[in-house]
Amino acid sequence: MAPSNGSAGQRGLRGRRCIGCHGVQGDGRGPSAVFLDPKPRDFKRGIFKFHSTPGKDSLPIDADLFITITHGLWGTAMPTWQDIPDRERFAVIQYIKTFSDRWKKEAVGEPISVSPEPPLTEAIIQDATDRKLERSSGPWKWNLSYSVRGRRQKENGSRRRRNSRFPPITGRLSLVWGKGARRSS
């Protein structure tokens with residue numbers, strides 16, 4: 001049985017948006033879950049994949065869950081819920097927490113602090129270019145005829161013009177004789 005706490009609005013929002021995948025019990029076994037890969041998250045276990053707190057299975061902070069609910073998860077069936085007001089999304093987060101006892105037994109850790117990105121300067125760009133040239137003379141012989149974006153470049157560094165009507169072919173379209181290809185007569 002689903003937790004009975006939470007306002008009617010929380011239960012109504014959850015009924016419209018969440019139960020189809022996560023189920024009434026919050027166990028990830030909703031009616032549409034059998035058709036989904038990857039399967040929806042089981043809220044009863046209290047284990048979340050995306051969190052900013054240290055530790056493999058540590059509890060996420062509310063902001064982590066808010067980001068997941070707001071932006072969804074690319075490559076999964078979890079859609080974005082940006083159309084729901086912030087207040088209701090935070091209410092859903094509190095409702096999600098009622099499914100697992102971990103929220104009562106364990107404290108949520110402090111998020112990992114990420115240092116700001118250093119400014120991009122001419123010296124940093126030159127240093128990276130020098131390192132690339134050093135690696136090209138090493139045992140791995142990096143191919144300098146391709147830029148970072150993968151476009152062919154001449155040795156003097158100018159880019160070859162590309163016809164925008166015909167994008168470059170990135171795959172190998174023919175097999176070498178002897179590797180499963182048939183000889184054309």
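The values are calculated or read from the model by the stated rules, or taken from the named source; none is laboratory data. All figures in this text were calculated on a predicted structure; none of them were measured in a lab. Because the Cβ atoms are built from the backbone with ideal geometry, glycine has one as well, and the counts that use them run over all protein chains shown.
One table, with the values for the structure above:
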read-out	value
Given (1) modelled with pLDDT of 90 or more; (2) surrounded by 13 or more Cβ atoms within 10 Å (Cβ to Cβ), index of the condition residue 31 fails	(2)
Residue in segment 109-117 that is of a type in the set (Asp, Glu) and touching a residue at least 40 places away in the same chain (Cβ under 8 Å) present	yes
Scan of segment 54-72 for residues that are assigned to a loop (DSSP other than H, G, I, E, B) and either touching a residue at least 40 places away in the same chain (Cβ under 8 Å) or touching a Pro at 6+ places or on another chain (Cβ under 9 Å) (or both), ordered by number	54, 55, 58, 59, 60, 61, 72
Residue count for segment 85-102, restricted to those that are closer than 15 Å to residue 43 by Cβ and either of a type in the set (D, E, K, R) or at pLDDT below 90 (or both)	3
Odd one out for residue 96, checked against (1) surrounded by 12 or more Cβ atoms within 10 Å (Cβ to Cβ); (2) among the hydrophobic types (A, V, I, L, M, F, W, C); (3) within 24 Å of the chain's Cα centre (by Cα); (4) part of a loop (DSSP other than H, G, I, E, B)	(4)
Test: residue 37 is crowded, with 17+ Cβ neighbours inside 10 Å, of a type in the set (D, E, K, R), part of a loop (DSSP other than H, G, I, E, B) and free of Cβ contacts under 8 Å to residues at least 24 places away in the same chain	no
The lone exception for residue 118 - which of (1) touching a helix residue (DSSP H, G or I) at 6+ places or on another chain (Cβ under 9 Å); (2) modelled with pLDDT under 90; (3) surrounded by 11 or more Cβ atoms within 10 Å (Cβ to Cβ) it fails	(3)
Scan of segment 14-23 for residues that are part of a loop (DSSP other than H, G, I, E, B) and modelled with pLDDT of 90 or more, ordered by number	23
Cross-chain or 6+ apart pairs with Cβ under 9 Å, segment 80-93 first and closer than 16 Å to residue 22 by Cβ, then of a type in the set (Lys, Arg) and surrounded by 15 or more Cβ atoms within 10 Å (Cβ to Cβ)	81/17; 81/89; 84/17; 92/14; 92/17
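For (1) closer than 26 Å to residue 34 by Cα; (2) surrounded by 13 or more Cβ atoms within 10 Å (Cβ to Cβ), each residue gets a yes or a no:
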residue: 47; (1), (2): yes, yes
residue: 55; (1), (2): no, no
residue: 64; (1), (2): no, yes
residue: 78; (1), (2): yes, yes
residue: 88; (1), (2): no, yes
residue: 91; (1), (2): no, yes
residue: 108; (1), (2): no, yes
